[in-house]
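The values are calculated or read from the model by the stated rules, or taken from the named source; none is laboratory data. Since this is a predicted model, take the numbers as computed values, not measurements. Methodologically, a virtual Cβ is constructed for each residue, glycine included, from the backbone with ideal geometry; neighbour enumeration extends over all protein chains shown.
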Amino acid sequence: MGQLFDRIRTAVSEDRLLVSWHADERCEEREVAVWQVVASLEDARLLRERPASKPHPSIVVRQELADGTEVEVIWAWMPESGRAMLVTVYSPQ
């Protein structure tokens with residue numbers, strides 16, 4: 001476990017990422033700046049990898065934002081373009 005996570009973290013660190021419309025809307029609703037989610041990925045804790053998820057393999061991580069807020073984030077791997085996609089952000093249960 002962790003290869004997909006590493007691939008996504010590397011892509012994000014190299015600015016090979018997309019932000020879905022849904023993620024942008026969820027960040028706005030929760031008053032979270034996208035940059036905080038991107039910046040905190042390096043120190044995120046992997047909760048699970050979902051290599052068979054559709055339409056793209058994905059991971060669920062717990063991240064602590066710059067202001068100390070904890071969020072869970074779904075990131076997807078887009079193998080066709082070699083990019084990561086921020087899918088959604090939500091408060092942990």
Legend entry - Listing of helices (runs of 4 or more DSSP H) fully contained in segment 1-42 that carry 2 or more residues being over 11 Å from residue 85 (Cβ atoms) and touching a Ser or Thr at 6+ places or on another chain (Cβ under 7 Å): none
Inset, instruction - Output the number of residues of segment 62-80 satisfying the condition of being more than 14 Å from residue 7 (Cα to Cα), touching a residue at least 24 places away in the same chain (Cβ under 8 Å) and either part of a strand (DSSP E or B) or of a type in the set (A, V, I, L, M) (or both). - result: 8
Legend entry - When residues of segment 51-93 are limited to those that are at pLDDT below 95 and polar (S, T, N, Q), the one surrounded by the fewest Cβ atoms within 10 Å (Cβ to Cβ): 93
Inset, instruction - Determine the pairs where a residue that is loosely packed, with under 14 Cβ neighbours inside 10 Å, located within segment 1-25, has a partner that is at pLDDT 95 or above with Cβ atoms under 6 Å apart, the partner being 6 or more residues away or on another chain. - result: 1/49; 22/88
Legend entry - Options 30, 48: the member that is at pLDDT 95 or above and of a type in the set (Lys, Arg): 48
Legend entry - Test set (1) touching a Leu at 6+ places or on another chain (Cβ under 7 Å); (2) assigned to a strand (DSSP E or B) - residue 46 fails condition number: (1)
